[in-house]
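Reviewing the structure listed below.
The values are calculated or read from the model by the stated rules, or taken from the named source; none is laboratory data. Computed from a predicted structure; not experimentally measured. Here the Cβ positions follow ideal geometry from the backbone for every residue, glycine too, while neighbour counts run over all protein chains shown.
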Amino acid sequence: MRSAAKSENRCPEGTPQQLFSYFVERCKKALHIVLCFSPIGDSFRNRVRNFPSLVNCTTIDWFSEWPKDALQSVAVRFLGEIEMSDEVRKSCVQMVQTFHTDTEASSRKFLR
């Protein structure tokens with residue numbers, strides 16, 4: 001931590017308290033948590049009621065089945081606005097389709 005703090009001109013005295021504070025700050029910036037809940041049934045409703053920040057302080061991604069051509073069309077439209085080579089764009093479109101279809105397959109497996 002000491003070398004990272006020095007490279008950013010932080011923790012001028014290098015005391016343990018300053019370094020720990022810097023460490024916690026860096027962890028907060030990099031921390032991401034993924035929670036997966038089924039939105040069906042009383043369990044989810046009770047969790048949201050008990051922990052409202054699950055909805056207020058999060059991003060919720062709802063996945064539903066899409067045809068591959070629709071996924072491709074949406075990906076081409078949104079990635080068309082980003083500056084990149086055609087080869088990279090085609091790969092990104094394929095990646096978006098794969099992420100979505102793999103997530104659907106994984107969610108079906110998880111449900112089973």
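Residues in segment 1-47 that are within 20 Å of the chain's Cα centre (by Cα) and of a type in the set (G, A, S) were compared, and the one that is farthest from T103 (Cα to Cα) is A30. Checking V76, V88, V96 one by one, the residue that is under 20 Å from the mean Cα position of the chain (by Cα), without any contact (Cβ under 8 Å) to a residue 60 or more places away in the chain and surrounded by 10 or more Cβ atoms within 10 Å (Cβ to Cβ) is V96 and no other. Can you name every residue in segment 48-58 that is under 21 Å from the mean Cα position of the chain (by Cα), at pLDDT 80 or above and of a type outside the set (A, V, I, L, M)? Across segment 48-58, the qualifying residues are F51, P52, S53, N56. Would a scan of segment 36-48 turn up a residue that is surrounded by 10 or more Cβ atoms within 10 Å (Cβ to Cβ) and touching a residue at least 60 places away in the same chain (Cβ under 8 Å)? Yes, because at least one residue in segment 36-48 is surrounded by 10 or more Cβ atoms within 10 Å (Cβ to Cβ) and touching a residue at least 60 places away in the same chain (Cβ under 8 Å).
When you look at V34, is it at pLDDT below 90 and under 30 Å from M1 (Cα atoms), yes or no? Yes: the conditions hold for V34. The number of residues in segment 12-23 being modelled with pLDDT under 85 and surrounded by 13 or more Cβ atoms within 10 Å (Cβ to Cβ) comes to 1. In summary, T59 fulfils each of the numbered conditions (1) free of Cβ contacts under 8 Å to residues at least 40 places away in the same chain; (2) in contact with a Ser or Thr (Cβ under 8 Å, 6 or more places away or on another chain) with the single exception of condition (2).
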